[in-house]
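Read the structure below first, then the notes.
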Amino acid sequence: MAPVSLAVIGAGQRGTGYARWARRHPDRASVVAVAEPRQVRRARFAAEHGIGAGNAVADWRQLADRGRLADAVLICTQDRLHAEPAEAFAALGYHILLEKPMAPDEAACRRIVAATEEAGVMLAVGHVMRYTPYTRAVKEIVEGGQLGDIMSVQHLEPVGFWHQAHAYVRGNWRRADLAASMLMAKSCHDLDWLQYILGRAPLRVSSFGRLTHFTAANRPAGAADRCVDCSVEASCPYSAPRLYRDLLERGEHRWPLSVVIEDFSPGALDEALRHGPYGRCVYACDNDVVDHQVVALEFPGATAATFTMTAFTKPARRSTRLFGTRAELAGDGETIRVYDFLTRAERLITTAPAGAMNAAEGHGGGDAGLMDAFTGAVATGHPELIMSGPRESLASHLSVFAAERARLNGTVETIPPYAGLDPERTAVTAPGTARRPPVQDAMASPMRCTRRALVRPGAPGGLPATITASRATSRPPPPAPGSARDWTSRGRGCTRSSLDGSWPAPSPVAWWRPPQDGRPVLRQRKPGPVRDNHLDHPAQIVMAVFPRACPAASWRMAWGTSASG
């Protein structure tokens, strides 16, 4: 199988990092073109990957004007420069890996999804936390039912004092109008991760936070506008000379130092500290993004989660606690502890070391995992290998937009569904060829929900036309033909839902589609190939996942001529 050919748009930290994965795996991928406005970076990148002068250009439009030069494109520009190239390259038939966030506004995010789906190309968004060995281990524990029903979640992102000063006070993401909100620029990873681990998108959100410390009001007496001229620099924990000179002396010629200087020399660094943005006093910058924020989320099934992002920590990994009805999980990005309530024993799981959760070390294996999945999907034509596709990613972006509205307005926001979001991963084929019709959406038709029954009337032949399902909590024996069987779910929610966005959309882990050869089919949605599980009777589908709490709903399903489902 020939390696996947790649064009890279933006040879900054992210584009360079993804491209180096291709260099380490020449049998899987090769970089054949680059667009980068900074001449030094463009030349260095082209030399590293053996790209000829004709395919190393300053503007991505120069590549787009030449048609399709590669199988796929990696779009790694600044946040506000994502939508236009994504739409353009989708129209040309490129499969796309798009660095997160998709875009800083909802309209642009929706345009990107529409463009890729209309063109029939794959889109992988850079939610690298989904692809780490640690996440895979946590996901397996949750899906395996070891924790029982998850009631509460606590998740912390310790940004770190120097990282906040580097990127969000002095750096490219310091202002929302230049990049995005802090929650979108830094923490869309986290809200997406929570959605992925819980297997469903949140329903409502509130948020609190603000820019408090890094303001002129907290400027020490005698502080200068630049650290190199400051009489109190030695006592300031956010000193730029201390951070960057230490990195240079240790020979760490990578992020974050590589953002500050191109030439790794004391003279170049001194020039940058005296005249560049990274030498400014943290109390005399033009920053406006928050330095601490808390988000509270309500998920289907009465699960409540809190997320905290704070600048004021030592360098550390994210940490998470999942509180279930049978066990508690505590994780720090590398190790996982599960305390079982029945046995009162604690189990320790240590995932394979994969580096720190930062750009310099590949985000704990997430960068490599994303590139492996994306190139594999492009090479084989299997988009299900991508775990951060357009619709999943848009759903988590909508949560971030809602959380920021809640913070700014002091409200509790209902998160709008994506009109058209359904559980089917759209089949992708070569541009210009026919696309496989999607499996009938489980939630496309209205359902009637009461405290005692969930009935979808009018199913032909006595079988439910469609029903969304999750892991079964019981498996009764097959009912006799023509008979019906009742049982009660354990407090799962139920509400109406549809594709047109008029009702909240669920995030099911499985869905039922009409029978083939007389047998119903349960299609599971899990990482890896999509599998069809033929069922002997519809009673095997026990529990549906819907966005609203519905106490002890009774599910009546029939095999035979009764029109219930």
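Readers should treat all values here as calculations from the given coordinates under stated rules, not as data from a laboratory. Predicted model only: the values in this text are computed from it and were never measured. All Cβ positions, even for glycine, are placed from backbone atoms using ideal geometry, and neighbour counts span all protein chains on display.
Numbers for the structure displayed
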item: Length gained when the stretch SER265-ARG321 is fully extended (0.36 nm per residue, less Cα-Cα span); result: 15.8 nm
item: Additional length obtainable on full extension of the chain from ASP246 to GLU48, 0.36 nm per residue less Cα span; result: 68.6 nm
item: Net charge of neighbours whose Cβ lies under 14 Å from the Cβ of ALA402, counting Lys and Arg as +1 and Asp and Glu as -1; result: -3
item: Rounded if a/c under 1.5, otherwise prolate or oblate - the range 1-75, Cα gyration tensor axes; result: oblate
item: Long-range amide H partners of SER319 with built H, under 5 Å; result: LEU156
item: Distant-in-sequence amide H partners of SER5 (H built 1.01 Å from N, under 5 Å); result: SER30, ASP71, ALA72
item: Efficiency of FRET from Cβ geometry, ARG24 and ASP65, R₀ 25 Å, rounded to 0.05; result: 0.20
item: Full-stretch length increase - ALA217, LEU408 - with 0.36 nm per residue and alpha-carbon distance subtracted; result: 66.6 nm
item: Test item: Cα-centred dipole of the range 1-86, Lys/Arg +1 and Asp/Glu -1 on Cβ, debye; result: 240
item: Interchain or long-range residues, amide H under 5 Å from VAL289's placed H; result: ALA176
item: Prolate/oblate/rounded call for the range 93-167, Cα gyration tensor, a/c under 1.5 rounded; result: oblate
item: Prolate/oblate/rounded label for the range 289-395 (Cα gyration tensor, a/c 1.5); result: rounded
item: Whole-Hz couplings from phi, Karplus 6.51/-1.76/1.60, listed for the range 280-290; x for Gly and Pro; result: 6, 5, 5, 9, 9, 9, 9, 6, 9, 7, 5
item: Rounded FRET efficiency, nearest 0.05, which uses the C-beta distance separating THR306 from GLN146 and R0 of 25 Å; result: 0.70
item: Förster-model FRET efficiency, 45 Å R0, ALA284 and GLN39, C-beta, rounded to 0.05; result: 0.90
